[in-house]
1. Need pairs with beta-carbon distance below 6 Å; first residue over 22 Å from ILE33 (Cα atoms) and within region 4-15, second open to solvent by less than 60 Å² (accessible area, probe 1.4 Å); sequence gap 6+ or separate chains.
2. For residues in region 84-104 being open to solvent by less than 60 Å² (accessible area, probe 1.4 Å), modelled with pLDDT of 95 or more and in contact with a Gly (Cβ under 8 Å, 6 or more places away or on another chain), which is nearest to LEU18 (Cα to Cα)?
3. Assess whether GLU46 counts as being over 22 Å from GLN1 (Cβ atoms) and open to solvent by 50 Å² or more (accessible area, probe 1.4 Å).
4. Hand me the list of strands (runs of 3 or more DSSP E) wholly inside region 33-115 holding 3 or more residues that are in contact (Cβ under 8 Å) with a residue 60 or more places away in the chain.
5. Can you tell me which residues in region 8-31 are within 20 Å of ARG75 (Cα to Cα) and open to solvent by 60 Å² or more (accessible area, probe 1.4 Å)?
6. What is the number of the single condition among (1) over 16 Å from LEU4 (Cα atoms); (2) crowded, with 16+ Cβ neighbours inside 10 Å; (3) not acidic (Asp, Glu) that THR77 does not meet?
7. With respect to SER115, is the statement that it is open to solvent by 20 Å² or more (accessible area, probe 1.4 Å) and either under 18 Å from GLN3 (Cα atoms) or in contact with a Phe, Trp or Tyr (Cβ under 6 Å, 6 or more places away or on another chain) (or both) true?
Amino acid sequence: QVQLVESGGGLVQPGGSLRLSCAASRTIFTTYIMGWYRQTPGEQRELVASITSSGYTLYADSVKGRFTISRDNRRSTVFLQMDSLKPGDTAAYYCRATKSPEDYWGQGTQVTVSS
């Protein structure tokens, strides 16, 4: 079993920045695809960004150029640097670790972008 613990969410003004962290409980983290997803009430959870074990990244069009995903395999941690935040980025953000057939989710951290 893999446990994922997110941190770094909060309230930020439009144009501001936040850095989310997701710490995994096991060192085999290095072979998992790690991703950040977000969800607003009444909507489906959507992919924000993902990163493979070799560092290949994928971003949703809505965050390209503003968000950056990275991973530190020695610390079993994945990060999401969010810059130029907009009110539309307000959501609960979830970390995900996948290595077929395994699929794990964190509990989520709330990000609110508001003046």
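1. LEU11/THR112; VAL12/LEU18; VAL12/LEU85; VAL12/VAL113; PRO14/VAL113
2. Per the criteria, the residue is LEU85.
3. Taking the combined requirement at face value, the residue satisfies it.
4. 33-39, 77-82, 91-99, 102-105, 109-113
5. ARG19, SER25, ARG26, THR27, ILE28, THR31
6. Here THR77 meets the rest and fails (1).
7. Against the criterion (open to solvent by 20 Å² or more (accessible area, probe 1.4 Å) and either under 18 Å from GLN3 (Cα atoms) or in contact with a Phe, Trp or Tyr (Cβ under 6 Å, 6 or more places away or on another chain) (or both)), SER115 does not qualify.
The values are calculated or read from the model by the stated rules, or taken from the named source; none is laboratory data. Note that the structure is a prediction, hence the values are computed from the model and not measured. Positions of Cβ are backbone-derived with ideal geometry, glycine not excepted, and every protein chain shown enters the neighbour counts. These accessible areas exclude ligands, DNA and RNA; they are computed on the full protein's heavy atoms, side chains included. Shrake-Rupley method; radii C 1.70, N 1.55, O 1.52, S 1.80 Å.
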